[in-house]
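Report on the following structure.
The values are calculated or read from the model by the stated rules, or taken from the named source; none is laboratory data. Note that the structure is a prediction, hence the values are computed from the model and not measured. Reconstructed Cβ throughout: ideal geometry from the backbone, glycine too, with neighbour counts over all protein chains shown. Just so you know, the surface numbers come from the protein's heavy atoms only, side chains and all, with ligands and any DNA or RNA stripped out. Shrake-Rupley method; radii C 1.70, N 1.55, O 1.52, S 1.80 Å.
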Amino acid sequence: MAGVRPRVRVPKEAAKGEVVEIKTLISHQMESGQRRDSKGEIIPRQIINTFTCTFNGDEVFSADWHGAISANPYMQFFMTAEESGTFEFTWKDDDGSVYTETAELTVN
Amino acid sequence: MNKALTIGGMAAAAFVITGWSVGFSQDRPSVPPPEGSPLGELISGYEFRTPETQALQDDDFINPGFLWVENGEELWETADGAAGKSCESCHGDAEDSMNGVGARYPVYSEATGKPINLEQRINLCRTENMQAEPWRWESPELLGMMTFVRYQSRGVPVAVEIDGPMQPFFEAGREFYYQRRGQLDMSCASCHEANYGMSLRADMLSQGHSNGFPTYRLKWQGVGSLHRRFRGCNQQVRADRFGYGSDEYINLELYLAWRGMGLPVETPAVRQ
């Protein structure tokens, strides 16, 4: 889907063993498949069905999303920082599109 | 049987409006009203919302209205139309040139002899200066640009001109505000002046100020214009709705801006 915009916020730096907060937001209409258009036809479902966050290749958080998730879904979760590395965030769309974003974390 | 019906009736009546429920604090922030205002104090719609909704507005990262701001920012720099210009070509950095602009609309237009609002001003720029097609009301483009431009005035107190040539339109707006309409026979004042702070079913009535628009409404799952909200209100009292950008709504927008004079612009606000 065009015009989808992921946003991610993680701290740039953390102390070893510190719990860091990760926030993500993505613009998406999350069409539930329950609504009808002005002609009475069902508008086909189109949602982001999977969200994954990995750190240096290891999965730290993932979620399966269903029809009742709001538009522009927001996710907030935590991770214990043990080493420096790269977060990779992935959102998978019903239409096969994949939206990705990365962020760096330096552990002192 | 009759008694049961009566009790049922009383329960239904009690259900309609209940006063000062928890969550609406009596010592909420407010600003003094403009001279001649029917309100003793001006309270932003923000104060009437739940802590969860307020938290969405407080953090610019979580606030989904910023998706529209970012969209508008991109459009600001994008050339369009036969003249090959973008907004930036004339107005430069929006942070400087648009600061305070969103707080003083609607303004009087010499060309049309009536007030125009910010949506109309943006589209005039497009048709006249950029020689581009005007954007449709409630299109992602117009909402994005509106939100972006109003955001440059965030924190600036609303200040509209109501004197001189604006006066008859201001009066017409006031008349619209107090006119009872629709099958429910309600005016804007029935809810937003006489009963603000009261619960109407699951909702808490606000003073109905416009300082947060365009607003991200959870109900809409997106950003919408003030005129969309007007249409929703009119429909809820089972009245005829007026068109986007109609004279009736522009006059009402002007009057409403005056009612909220002094409240800071909150765009992009988050509401229920």
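Only a single criterion out of (1) in a helix (DSSP H, G or I); (2) farther than 17 Å from B:Y249 by Cα is not satisfied by B:E119, namely (2).
Residue pairs whose Cβ atoms lie under 7 Å apart, sitting 6 or more positions apart in sequence or on different chains, and linking a residue in segment B:150-176 that is assigned to a helix (DSSP H, G or I) to a partner that is surrounded by 13 or more Cβ atoms within 10 Å (Cβ to Cβ) and of a type in the set (D, E), are B:F176/B:E248. Considering (1) β-branched (V, I, T); (2) open to solvent by less than 60 Å² (accessible area, probe 1.4 Å); (3) assigned to a loop (DSSP other than H, G, I, E, B); (4) farther than 20 Å from B:R259 by Cβ, the lone condition that B:T147 does not fulfil carries the number (3). Selection of segment B:246-272 for residues being open to solvent by 10 Å² or more (accessible area, probe 1.4 Å) and outside any helix (DSSP H, G or I) yields B:S246, B:M261, B:G262, B:P264, B:E266, B:R271, B:Q272.
Only residues that are in a helix (DSSP H, G or I) and of a type in the set (S, T, Y): list them for segment B:127-144, please. Break it down into steps so the answer makes sense when it comes.
The initial filter retains those residues of segment B:127-144 that are in a helix (DSSP H, G or I), namely B:127-129, B:140-144.
Selection gives B:T127 alone.
Contact map, segment B:43-69: residues that are more than 13 Å from every other protein chain (Cβ to nearest Cβ) paired with residues that are basic (K, R) and surrounded by fewer than 20 Cβ atoms within 10 Å (Cβ to Cβ), Cβ distance under 8 Å, separation 6+ or inter-chain. Pairs shown: B:I43/B:R28; B:E47/B:R28. Is there a residue being within 14 Å of chain B (Cβ to nearest Cβ) and open to solvent by 80 Å² or more (accessible area, probe 1.4 Å) anywhere in segment A:80-99? Checked against the condition, which is being within 14 Å of chain B (Cβ to nearest Cβ) and open to solvent by 80 Å² or more (accessible area, probe 1.4 Å), segment A:80-99 yields no hits at all.
If you go through segment A:1-16, how many residues are open to solvent by 40 Å² or more (accessible area, probe 1.4 Å) and more than 10 Å from chain B (Cβ to nearest Cβ)? Show your work before the answer.
Of segment A:1-16, the ones open to solvent by 40 Å² or more (accessible area, probe 1.4 Å) are A:1-3, A:5, A:9, A:11-13, A:15-16.
Filter once more, keeping what is more than 10 Å from chain B (Cβ to nearest Cβ): A:1-2, A:11-13, A:15-16.
Going through segment A:1-16 one residue at a time, the tally reaches 7.
Considering segment A:22-34, the residues that are away from chain B (no Cβ under 11 Å) and at pLDDT below 95 include one that is nearest to the chain's Cα centre (by Cα), namely A:G33. The criterion of being over 30 Å from B:E161 (Cβ atoms) and surrounded by fewer than 13 Cβ atoms within 10 Å (Cβ to Cβ) holds for B:G84.
Considering only segment B:112-127, I want to know if a residue exists there that is at pLDDT below 95 and open to solvent by 70 Å² or more (accessible area, probe 1.4 Å). Yes. Can you give me the number of residues within segment B:193-233 that are basic (K, R), open to solvent by 40 Å² or more (accessible area, probe 1.4 Å) and either within 16 Å of B:T267 (Cβ to Cβ) or at pLDDT 95 or above (or both)? Total satisfying the criteria: 3.
So which residues in segment B:75-90 are free of Cβ contacts under 8 Å to residues at least 24 places away in the same chain and under 25 Å from the mean Cα position of the chain (by Cα)? Matches in segment B:75-90: none.
Just name the residue that is nearest to the chain's Cα centre (by Cα) out of those in segment B:234-245 that are on the phi < 0 side of the Ramachandran plot and open to solvent by 80 Å² or more (accessible area, probe 1.4 Å). It comes out as B:Y244.
Condition first: among the polar types (S, T, N, Q) and either surrounded by 12 or more Cβ atoms within 10 Å (Cβ to Cβ) or within 28 Å of B:E74 (Cα to Cα) (or both). Can you find one or more residues in segment A:33-44 that meet it? Lay out the reasoning, then the answer.
Residues of segment A:33-44 among the polar types (S, T, N, Q): A:34, A:38.
From the residues that got through so far, the ones that are either surrounded by 12 or more Cβ atoms within 10 Å (Cβ to Cβ) or within 28 Å of B:E74 (Cα to Cα) (or both) too are none.
No: segment A:33-44 contains no residue that is among the polar types (S, T, N, Q) and either surrounded by 12 or more Cβ atoms within 10 Å (Cβ to Cβ) or within 28 Å of B:E74 (Cα to Cα) (or both).
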